[in-house]
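Undergrad: Got a structure for you, written out below as structure tokens; questions coming shortly.
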Amino acid sequence: MLSRVSSLGLKGIDGYEVSVECYITTGLPGFDVVGLPDAAVKEARERVRAAIKVSGFRFPVSHITLNLAPAGTRKSGTLYDLPILLGILAASGALRLPKIRCAFLGELSLEGKVRPVPGVLPMALAAREAGFEAIFVPAENAREASLAKGLTVYGVPDVKSLAAHLTGTNPLSPTPPWSPDSQTLPLPDFADVKGQEQAKRALEVAAAGNHNILLVGPPGSGKSMLAKRLPSILPPLTDEEALEVTKIHSILGLLSPEHPLIEASPFRSPHHTISAAGLAGGGSSPKPGEVSLAHRGVLFLDELPEFRQDTLEVLRQPLEDGQVTIARVAGTEVYPSRFMLVCAMNPCKCGWYGDPSGRCRCSPKSVRQYLSRVSGPLLDRIDIIIEVPALPFAELRRTTPAESSAAVRSRVTAAREIQRKRYQGSGTFANASMDPSQMRAFCALSPECESLMRAAFDALHLTARSYDRVLRVARTIADLAGSEKILPEHVAEAVQYRTYSFEDG
């Protein structure tokens, strides 16, 4: 007796079709699972056995062989519990599978309930692309699966409910496509930040062109406060970008059952004790790291020099390529990681080097040692470096309201719209990711601008990479000003964002 149940699997951030083939034959009782299953898949035997009996069915006293095809691809996780159970019941004649093409996935409890699993959205999208008409998922994952429009989604609470649906005695109701309500959670506003107009301007430029930025200043100057308000001035995600970001969070099980779509740009702020694998992704069964969770959003590294050197160095490839490649014995996975890097640090160990109060007692040697924890190649990949000085008392007592995030966001969105039209169809979405041919086309300099750049190149000892980054920032500043050409004032402001010295603080 043979049955075949369709299910799905995950590879990277995309799903693929998996066929669960069940063969029941006479002989000594046994239960074998083949097709490169991991430990969690093998343990499904006991969960399925208990769930079948508790749900009122007879578990066949025969030799059961289960094959997960394609057999050459490693299968992991508990999502195959439900299709394995259905395969056994169908092969033994206890249930009939639907005539329409549909897929099943879900983890089983010993009492027959269907528990949620991670990665449902990418698998539902893969099911739609493969031509499935319906998908049966755990009830808690139903809203998430419904984001894959064009696919009938059934939320399954337990095995008994699914059996009643398949026999036609009590059909399940399809889950309607989920859509967000008009209310959005308020984000921290720039209006709360007193002073620091230079830093706010630098963050506006960074947001407009998706540029990496480093904030340097003493403790309490507002570096973290500014960084945490950056998402409030970023343009809204497009529908395609929101689905792309949601897929990554879905794989790690970070979505809310009530609100399964990530609508705002993500903001990730890992602690400085994070490992290289936690930041870039990895593990024996590769999973996305913080750089991928920050895709299309912000990765904020506070107290930058406190991060381990090897941890910071893993950022170099994702920053350059917009993706991270993780190679393991089981295979190689590629995860997207096109994020805006925002860093904050003190100018020395005590944090007060260069402050007019003179409270810093660090020696020049200790200052150099502290600053040298951030490597030159990483600094070269940062477009904007801005000093955030301590605020004077008069600034703190000022009662005039600061500019709101909404006002800044309107300018940023207008600049991004210019870039969207400029790079339409090229794969580039912001000035920070321009390729050399695009730079030649859109960053042409007048003789006056070229003279400014030559002087800056010699005075600041710029590398070829940092020279390109200055040009990209100048292009963004011109976009914010609504200028088609890069003017001398745009170049001057872009150069100003590279003048902080890491040799003498």
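The values are calculated or read from the model by the stated rules, or taken from the named source; none is laboratory data. All values reported here derive from a predicted model rather than from experimental measurement. All Cβ positions, even for glycine, are placed from backbone atoms using ideal geometry, and neighbour counts span all protein chains on display. For accessibility, only protein heavy atoms count, side chains too; no ligands or nucleic acids. Shrake-Rupley method; radii C 1.70, N 1.55, O 1.52, S 1.80 Å.
Undergrad: Provide the solvent-accessible area of residue 285, counting protein heavy atoms only and rolling a 1.4 Å probe, rounded to the nearest 10 Å².
TA: 60 Å²
Undergrad: Residue 440 to residue 463: extension gain in nm, 0.36 nm per residue of separation minus the Cα-Cα distance? All intermediate terms of the calculation are to be shown ahead of the outcome.
TA: Values: separation 23, 0.36 × 23 = 8.28 nm, distance 1.77 nm.
Full-extension gain reported as 6.5 nm.
Undergrad: Looking at 262, 69, 276, which one has the Cα that reaches farthest to the positive end of the dipole of the chain (charges on Cβ: Lys, Arg +1; Asp, Glu -1)?
TA: 69
Undergrad: So for region 34-174, what percent of the C-alpha to C-alpha distances run longer than 27 Å?
TA: On the way: 1454 of 9870 pairs.
Taking all Cα-Cα pairs of region 34-174, the fraction more than 27 Å apart is 15 percent.
Undergrad: Still on this structure, I have one more. Need one word for region 218-258: rounded, prolate or oblate. Basis is the Cα gyration tensor (sqrt eigenvalues a ≥ b ≥ c); a/c below 1.5 gives rounded, then a/b vs b/c decides. List each step's numbers first, then the result.
TA: On the way: a/c = 3.52, a/b = 1.97, b/c = 1.79.
Prolate shape, in that a/c is at least 1.5 and a/b is the bigger ratio.
Undergrad: In addition: Show me the GluC sites (Glu not before Pro) within region 416-505 that DSSP assigns to loop and that have at most 13 other Cβ atoms within 10 Å of their Cβ. If you can, show how the numbers build up before the last one.
TA: Working: sites: 417, 448, 450, 484, 489, 493, 503; in loops: 484, 503.
Counting only loop positions with at most 13 other Cβ atoms within 10 Å, the GluC sites (Glu not before Pro) in region 416-505 are 484, 503.
Undergrad: Given the pairs 228/287; 75/99; 11/75; 200/421; 149/247; 42/247, which are separated by over 18 angstrom at their Cα positions? Before the final figure, lay out each step's value.
TA: On the way: 228/287 26 Å; 75/99 26 Å; 11/75 10 Å; 200/421 26 Å; 149/247 14 Å; 42/247 26 Å.
The pairs that break the limit, which is 18 Å between Cα atoms, are 228/287; 75/99; 200/421; 42/247.
Undergrad: Moving to a separate point now. Which is farthest toward the positive dipole end of region 373-457 among 452, 427, 390, measuring Cα position about the Cα centre, with Cβ charges +1 (Lys, Arg) and -1 (Asp, Glu)?
TA: Of the listed residues, the answer is 427.
Undergrad: Further question: Mind jotting down the distance between the C-alpha centroids of region 183-243 and region 50-73, whole Å?
TA: That distance is 53 Å.
Undergrad: Taking the Cα centroid of region 400-422 and of region 275-307, what is the distance between the two, rounded to the nearest whole Å?
TA: Centre-to-centre distance over Cα atoms comes out at 28 Å.
Undergrad: Return one number: the angle in degrees, 0 to 90 and rounded to the nearest 10, between the long axis of the Cα atoms of helix 239-251 and the longest principal axis of the Cα atoms of the chain.
TA: Relative to the chain, helix 239-251 is tipped by roughly 60 degrees.
Undergrad: Rounding to the nearest 10 and keeping the result within 0 to 90°, find how far the Cα-based axis of helix 405-422 lies from the longest principal axis of the chain.
TA: It is inclined by approximately 80 degrees.
Undergrad: Can I ask one more? With a ≥ b ≥ c the root eigenvalues of the C-alpha gyration tensor of region 375-505, is it rounded (a/c under 1.5), prolate (a/b larger than b/c) or oblate?
TA: Values: a/c = 1.85, a/b = 1.17, b/c = 1.58.
Oblate, because a/c is 1.5 or more while a/b does not exceed b/c.
Undergrad: Moving on. Specify whether the C-alpha gyration tensor of region 88-157 places it in the rounded, prolate or oblate class, a ≥ b ≥ c being the square roots of the eigenvalues: rounded for a/c under 1.5, otherwise prolate if a/b is larger than b/c and oblate if not. Can you show the working numbers first?
TA: Working: a/c = 2.34, a/b = 1.23, b/c = 1.91.
Oblate.
Undergrad: Rank these by accessible area, largest first, 1.4 Å probe: 214, 237.
TA: Numbers: 214 0, 237 25 Å².
Result, largest first: 237, 214.
Undergrad: Within region 113-212, which trypsin sites (Lys or Arg not before Pro) sit in a loop by DSSP and count at most 14 neighbouring Cβ atoms inside 10 Å?
TA: Working: sites: 113, 128, 143, 149, 160, 194, 200, 201; in loops: 149, 194.
Passing sites in region 113-212 are 149.
Undergrad: From largest accessible area down, sort 169, 499, 78; use a 1.4 Å probe on the protein chains.
TA: Largest accessible area first, the residues go 169, 499, 78.
Undergrad: Compute the length gained on full extension between residue 325 and residue 201: take 0.36 nm times their separation in residues and subtract their Cα-Cα distance, giving the result in nm to one decimal. Don't skip to the answer; put the middle values down first.
TA: Details: separation 124, 0.36 × 124 = 44.64 nm, distance 3.42 nm.
Using 0.36 nm per residue and subtracting the Cα-Cα distance, I get 41.2 nm.
Undergrad: Moving on to the next point. Compute the acute angle (0 to 90°) between the alpha-carbon long axis of helix 44-54 and the principal axis of greatest extent of the alpha-carbon atoms of the chain; round to the nearest 10°.
TA: Approximately 50 degrees, to the nearest 10.
Undergrad: Additional query: Can you give me the % of accessible surface on region 184-253 that is carbon or sulfur? Probe 1.4 Å, all protein chains present, nothing else counted. Don't skip to the answer; put the middle values down first.
TA: Working: 1340 of 2470 Å².
Roughly 54 percent, rounded to a whole number.
Undergrad: Here's a follow-up. Just to verify a number: what accessible area does residue 307 come out at with the full protein assembly present, 1.4 Å probe, Å² rounded to tens?
TA: 10 Å²
Undergrad: What are the ³J(HN,Hα) couplings of region 277-289, residue after residue, when phi is run through the Karplus curve with 6.51, -1.76, 1.60 and θ = phi - 60°? Round to Hz, x for glycine and proline.
TA: 5, x, 7, 8, x, x, x, 4, 10, x, 10, x, x
Undergrad: Now, a different point. Using a 1.4 angstrom probe and counting only protein chains, how large is the accessible area of residue 418 in Å², to 10?
TA: The value for residue 418 is about 70 Å².
Undergrad: For region 231-312, which GluC sites (Glu not before Pro) are in a loop by DSSP, counting at most 11 other Cβ atoms within 10 Å? Write out the running numbers ahead of the final one.
TA: Working: sites: 240, 241, 244, 258, 263, 290, 303, 306; in loops: 258, 263, 303.
Hits after loop and neighbour filter: 258.
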